[in-house]
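Undergrad: Pasting in a structure now, in structure tokens, and then I'll have a few things to ask.
The values are calculated or read from the model by the stated rules, or taken from the named source; none is laboratory data. Only a predicted model underlies this, so the values are computations on that prediction, with no experimental measurement involved. Cβ atoms come from the backbone with ideal geometry, glycine included; neighbour counts cover every protein chain shown. All accessible areas refer to the heavy atoms of the entire protein, side chains included, with ligands and DNA or RNA removed. Shrake-Rupley method; radii C 1.70, N 1.55, O 1.52, S 1.80 Å.
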Amino acid sequence: MQSPNISETQSGTVRQLDPGLAVATGELSSKGASASFAELLKRVKAEGLLDLDPRYDYRRLALNMSLITAGLVAFFLIGPSWWQMLVAVWMGLCGVQSAYMWHEVGHKAMFRDKRIGTLTAYFHANFFSGVSYAWWVNHHNRHHSHPNHISLDPDIGRRTAIFDIKQYADRTPVQRFIVRHQRVLFFLLLVLEGYKMEKTTVKELAKSGAKHRHLEIGLVVLRTAIYLTAVFTVLTPLQAVAFILVQHAALGIYFGLMFAPNHKGMEVRDGEKETLDWLERQVLTSRNIRPNWWIDFLYGGLNYQVEHHLFPTMPQRNLARARELTREYCAERGIPYVEVGFWESYRQVATFLHEVSEPTRRKEKAAA
């Protein structure tokens, strides 16, 4: 298997990273140069797949609120007991399901009424999860514009893990240790994802000029006050601390596992500008997880990552049909389309992380 690092290959070449995972480098893929996103978009629009359906959105919200309510009822009924750790796990999982709600709103893929959408987003992001919705929208939009671009994708920039060996130089000693063992530590450190998002929220809201800054601060402070009052009133101090840690760990692991397979191990680029057009930029950098009803629920529709990136405003319920159209179109044009099973996706991510950090381990052994 070749190194997954960025390579200075000629435009139009294709390199194989893993069985079933072909990645094009350069300005155009060798077989997909004639592909037109406009043509695929026309097929999608012809079936009304970009049309919103508020009824479906309300059903999703109702299910989400039911899950949250069930957790809150269990919390107050159980009282001071170590069984509350199960509730903590449940609420952590609910936090990720809630993130899917503000994610849909942020992409304008839910609700025609902007006011309802905004209310939904601020409730689920700031009030329920303690995350700045305004920060996330800006951050996520930049990711969608330049997925897997080292210089332009903020999702790469904020990670300790490296995606190309050139990133190793600016890592601290502790971070370098993590990088050398990132195949394993990347997944173990997912327990901190919830904490990292809250830390980022505090840093961003401390800056002046943020959109709706005072509203966001108010919601986050209110959420924190209610949350801490509830856990330290209902539970013993030790149980309360354990509840907070377990909930954050469950949220972080679930959150990280749902997003890790989407792009890691796929096409990586660098430079001051993009080298791929919109169609290839989204297809070649994204990996789908083979769908079924359980996977669709678990991933909130993000297992259709290729289609989500091609059509970010598409409602979740229509992604399955868009997948059929996109697979068909990519097959016609010879564009590599990656879709793997659940476990295989994580194997590919771990393999990529291990291989991209291999030079750091060789250097360590040489220095020993």
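Undergrad: Within the range 260-268, is there a residue that is among the acidic types (Asp, Glu), surrounded by fewer than 18 Cβ atoms within 10 Å (Cβ to Cβ) and outside any helix (DSSP H, G or I)?
TA: no
Residues are listed down the side, and each one gets a yes or a no for (1) touching a Ser or Thr at 6+ places or on another chain (Cβ under 6 Å); (2) under 20 Å from Met65 (Cβ atoms):
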site: Gly95; (1), (2): yes, yes
site: Met110; (1), (2): no, yes
site: Lys114; (1), (2): no, no
site: Ala125; (1), (2): no, yes
site: Trp135; (1), (2): no, no
site: Asn138; (1), (2): no, no
site: His146; (1), (2): no, no
site: Leu152; (1), (2): no, no
site: Asp155; (1), (2): no, no
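Undergrad: For residues that are open to solvent by less than 40 Å² (accessible area, probe 1.4 Å), among the hydrophobic types (A, V, I, L, M, F, W, C) and part of a loop (DSSP other than H, G, I, E, B), scanning just the range 11-66, find the one that is modelled with the highest pLDDT.
TA: Among residues in the range 11-66 that are open to solvent by less than 40 Å² (accessible area, probe 1.4 Å), among the hydrophobic types (A, V, I, L, M, F, W, C) and part of a loop (DSSP other than H, G, I, E, B), the one modelled with the highest pLDDT is Leu49.
Undergrad: On to the next question. Mind checking which residues of the range 90-114 are outside any helix (DSSP H, G or I) and buried (at least 20 other Cβ atoms within 10 Å of the Cβ)?
TA: Scanning the range 90-114 gives Ala109, Met110, Phe111.
Undergrad: When only residues in the range 67-89 that are part of a helix (DSSP H, G or I) and polar (S, T, N, Q) count, which is most open to solvent (accessible area, probe 1.4 Å)?
TA: Only one residue tops the list, namely Thr69.
Undergrad: In the range 194-210, what residues are surrounded by 12 or more Cβ atoms within 10 Å (Cβ to Cβ), farther than 17 Å from Val221 by Cβ and either in contact with a Leu (Cβ under 7 Å, 6 or more places away or on another chain) or not hydroxyl-bearing (Ser, Thr, Tyr) (or both)?
TA: Gly194, Lys196
Undergrad: Picking from Val87, Val73, Val105, which residue would you name as being touching a helix residue (DSSP H, G or I) at 6+ places or on another chain (Cβ under 9 Å) and under 30 Å from Pro237 (Cα atoms)?
TA: It is Val87.
Undergrad: Looking only at the range 131-159, count how many residues are closer than 15 Å to Ala210 by Cβ, crowded, with 21+ Cβ neighbours inside 10 Å and within 13 Å of the chain's Cα centre (by Cα).
TA: Total meeting the criteria: 1.
Undergrad: Going by the structure shown, is Phe243 aromatic (Phe, Trp, Tyr), modelled with pLDDT of 95 or more and open to solvent by 40 Å² or more (accessible area, probe 1.4 Å)?
TA: It is false that Phe243 is aromatic (Phe, Trp, Tyr), modelled with pLDDT of 95 or more and open to solvent by 40 Å² or more (accessible area, probe 1.4 Å).
Undergrad: Still on this model: Of all residues in the range 269-314, which are surrounded by fewer than 20 Cβ atoms within 10 Å (Cβ to Cβ), in contact (Cβ under 8 Å) with a residue 12 or more places away in the chain and of a type in the set (D, E, K, R)?
TA: Hits for the range 269-314 are Asp270, Glu272, Glu274, Asp277, Arg290, Asp296.
Undergrad: Could you tell me how many of the residues in the range 145-166 are assigned to a loop (DSSP other than H, G, I, E, B) and under 16 Å from Gly265 (Cα atoms)?
TA: Matching residues across the range 145-166 total 11.
Undergrad: Which count do you get for residues in the range 167-183 that are part of a helix (DSSP H, G or I) and either open to solvent by 80 Å² or more (accessible area, probe 1.4 Å) or of a type in the set (D, E, K, R) (or both)?
TA: Count: 7.
Undergrad: If the Cβ limit is 9 Å and pairs must be 6+ apart or interchain, which residue in the range 120-140 that is without any contact (Cβ under 8 Å) to a residue 12 or more places away in the chain pairs with which residue that is open to solvent by 20 Å² or more (accessible area, probe 1.4 Å) and outside any helix (DSSP H, G or I)?
TA: Asn138/Lys211
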